[in-house]
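*Asks:* Let me give you the structure first, and then I'll get to my questions.
The values are calculated or read from the model by the stated rules, or taken from the named source; none is laboratory data. Since the model is a prediction, treat every value here as computed from it, not as a measurement. Cβ atoms come from the backbone with ideal geometry, glycine included; neighbour counts cover every protein chain shown. Calculation scope for accessible area: heavy atoms of the full protein, side chains included, ligands and nucleic acids excluded. Shrake-Rupley method; radii C 1.70, N 1.55, O 1.52, S 1.80 Å.
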Amino acid sequence: MNQMTRPPKIEIIPSSAPFSEAQRSWLNGFFAGLLSTDGPAPLSAEQGAAVLQEPTGDADDGEAPWHDQTIPIADRMKLAEGRPLRRRMMAAMAQQDCGQCGYNCNDYSDAIASKAEARLNLCVPGGKETARMLKALNEELAKTPAASVVVAPATTAEPGRSRDNPVAATFVSRRLLNRSGSEKATWHIDFDLSGCGLDYVVGDSFGIFARNALGLVDQIIAMLGASHTTEVNGKTLREVLTDDVSLAPAPDTLFELLSFITGGAQREKARALAQGEDPDGDAATLDVMAALQKFSGVRPHPEAFVEALEPLQPRLYSISSSHNATPGKLSLTVDCVRYVVGKRKRLGLASTFLAERIKPGDQVKVYVQKAHGFALPQDPKTPIIMIGPGTGIAPFRAFLLDRKATGAPGKNWLFFGHRRSECDFFYSDELNAMKTSGLLTRMSLAWSRDGDRKFYVQDRMREVGREVWTWLAEGANVYVCGDAKRMAKDVERALVDIVAQFGARTTDEAVSFVAELKKKGRFQLDVY
Ligand SMILES: Cc1cc2nc3c(=O)[nH]c(=O)nc-3n(C[C@H](O)[C@H](O)[C@H](O)COP(=O)(O)OP(=O)(O)OC[C@H]3O[C@@H](n4cnc5c(N)ncnc54)[C@H](O)[C@@H]3O)c2cc1C
Ligand SMILES: NC(=O)c1ccc[n+]([C@@H]2O[C@H](COP(=O)([O-])OP(=O)(O)OC[C@H]3O[C@@H](n4cnc5c(N)ncnc54)[C@H](OP(=O)(O)O)[C@@H]3O)[C@@H](O)[C@H]2O)c1
């Protein structure tokens, strides 16, 4: 749960007003929309209470039954039927609270509904489905009385603390964490922050503004029949395509543009794609280049083409170092995304930028995304159980380094897993040394492809369920990091089973117990 300093942090409702954090945040956005002021004067507690007799102002009960990243969007929207617009907007989000938009799901939707946020395309995991749904809901919003009031997102956030105000950090080096024989390429990446002066705490994420691969940019310029020096918005076309726009999933607006400048069956097809239909069953694979190839006779003007693309979005990475241990240094643990569609190799934008394209000494636009609800316990004596397969290890390496640097006496238990023990045991020397020194009280490993059946971290947890329960009973915090779609749910299910079996509870009671752990901040997730 890694969300950040929200771009437009507008404080109208004082913290002393009788509202919950979520209600206050919504109210702040709502009044900011109404007032559209530069520097809103906080209302007194009495004014705040008087203006809104009831908690949210729209009679919503605040429950969010759709807040589960595994529920498909159509079902989420069903669950939100009959709710106020801002709640339906929340249901349209991907429900990961991943922070990539600069908010959590609830706050992003509230910001749109209050018109404090005009951008509808910030939900990266929700992709085009979410953007389309938000567009439709926003049309509803446009018909409401406050439609004329649009508050521009604040760009005055402290430098390097939000996606709207990045700073430059220096890339230092990269090192492959997999050994030979692995099908994966995961890199340990080092940055130097001394030039930009940023700091961070463990649990925070790092936002990276990557640049598109030049090879791809040049192929697109060739497809457009343009020159890379063609000027667009005061820059060369090559610069704009490299730095400013996303070349990944082709947006609806690109298909709209293609439909305007072609005719017949091509036009129908482009129009259908613009409306989210899939006439040829290939819509999911159409990045910008593939869209141009599909409509290869159609050559949009470079200016119109650029206008039809989405802005390049930053990517977040869990920080895998501790500022307390190594001030001014920051590291990441990045899985390189590469795959093939048809005959073309596709490159994940930021992961291949970090893993392959930047060179030591290069400056990269970055920001620290503050974590909310993903942090070491305040009491350094509190035991912690960390469950992080794959790149999910990243924040836990940071936690361990931090506990070592600060001399925190709490016990530490790591569950790590990956494909093969031989080649996918990231940071094995370091972790083994931590085990030997006693910093790592326990280390439990799970290799999914060593044996003839899959074996995951949650299987290992079940094996040692009695001890997991003992740690929980001693007050341990539990942390999960990594894949949001399947792993996080499966781990939570294992935890419920452990609580039921070893805590002598019914399944329902165990579910409530785990929900209570979450509420108390003793069960925290950082999933993506
Ligand atoms: C809070 C947070 C923390 C994160 N921490 C980490 C971390 O520590 N380490 C890490 O590696 N990542 C982390 N991520 C994920 C990271 O932000 C990026 O999403 C990831 O690196 C991919 O980005 P990219 O730009 O390289 O790829 P993109 O250009 O965004 O492409 C990724 C997309 O490619 C498509 N794709 C990928 N593989 C395939 C395939 N085999 N077949 C078809 N399509 C495919 C999918 O649509 C996928 O969404 C984190 C994310 C969040 C939100
Ligand atoms: N197509 C995609 O877009 C795609 C696919 C996978 C991962 N990812 C993303 O890629 C990034 C990096 O991945 P990663 O390096 O962390 O590795 P990963 O590919 O997510 O896998 C790490 C380990 O987790 C195992 N695993 C798979 N399903 C699991 C489950 N339900 N419960 C517990 N463990 C499970 C994997 O086993 P097995 O692989 O042997 O099953 C592997 O051993 C993440 O963002 C992840 O979400 C994307």
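*Asks:* HN-Hα J couplings of region 270-285 from phi, Karplus 6.51/-1.76/1.60, θ = phi - 60°, integer Hz, Gly and Pro as x?
*Replies:* 5, 5, 4, 4, 5, 9, x, 7, 9, x, 10, x, 10, 4, 5, 9
*Asks:* Which of the lysines could be linked to residue 489 by a straight reach, that is with a Cα gap under 23 Å, when you skip same-chain ones fewer than 8 residues away?
*Replies:* Leaving aside lysines fewer than 8 places away in the same chain, those within reach of residue 489 are 78, 454, 518, 519, 520.
*Asks:* Among 92-98, 158-164, how do they line up from the highest to the lowest mean number of other beta-carbon atoms within 10 Å?
*Replies:* Highest mean packing first, the order is 92-98, 158-164.
*Asks:* Next up: Return P(r) of region 244-402 (all Cα-Cα pairs; 10 Å bins starting at 0; whole %; ordered from short to long distances).
*Replies:* In whole percents, the pair-distance histogram is 9, 28, 25, 19, 14, 6, 1, 0.
*Asks:* How high is the FRET efficiency from residue 485 to residue 505, r the C-beta distance, R0 30 Å, rounded to 0.05?
*Replies:* 0.60
*Asks:* Per 10 Å bin from zero, what fraction in whole % of the C-alpha pairs of region 247-339 is there, up to the bin with the longest pair?
*Replies:* Reading upward from the zero bin: 14, 38, 19, 13, 11, 4, 0.
*Asks:* So if I restrict to the alpha-carbon atoms in region 307-363, what is the Rg, and what is Dmax, the biggest pairwise distance, in Å?
*Replies:* Spelled out, the Cα radius of gyration and Dmax of region 307-363 are 15.0, 47 Å.
*Asks:* Please report the spacing between the Cα centers of region 322-399 and region 283-315 in Å, no decimals.
*Replies:* Using only Cα atoms to place each centre, the spacing works out to 29 Å.
*Asks:* Could you check how much of the accessible area of the chain is carbon and sulfur, as a whole percent, using a 1.4 Å probe?
*Replies:* Taking all protein chains in place, the chain shows 52 percent carbon and sulfur surface.
*Asks:* Of the listed peptides 373-381, 107-115, 475-483, what is their order by residue-averaged count of other C-beta atoms within 10 Å, with the highest listed first?
*Replies:* Sorting 373-381, 107-115, 475-483 by mean packing, highest first, produces 107-115, 475-483, 373-381.
*Asks:* Using a 1.4 Å probe, what is the accessible area per residue for region 237-381, in Å²?
*Replies:* Solvent-accessible surface per residue comes out at 46 Å².
*Asks:* Give, in nm to one decimal, the length gained when the segment between residue 231 and residue 199 is fully stretched (0.36 nm per residue of separation minus the Cα-Cα distance).
*Replies:* 7.7 nm
*Asks:* While we're here: So what's region 179-336 giving for Cα Rg divided by 2.2 N^0.38 Å, two decimals?
*Replies:* Compactness ratio reported: 1.32.
*Asks:* Would you kindly calculate the translational diffusion coefficient of the chain, applying Stokes-Einstein with the Kirkwood radius from alpha carbon pairs, for 10 °C and a viscosity of 1.306 mPa s, and quote it in µm² s⁻¹ without decimals?
*Replies:* 64
*Asks:* Rg/Rh for region 406-502: what does it come to with C-alpha atoms and Rh from Kirkwood?
*Replies:* Here the Rg-to-Rh quotient is 0.96.
*Asks:* To check my understanding: the extent here is largest minus smallest coordinate of the Cα atoms along each principal axis. What are those three numbers for region 70-150, in Å, largest first?
*Replies:* 35, 27, 18
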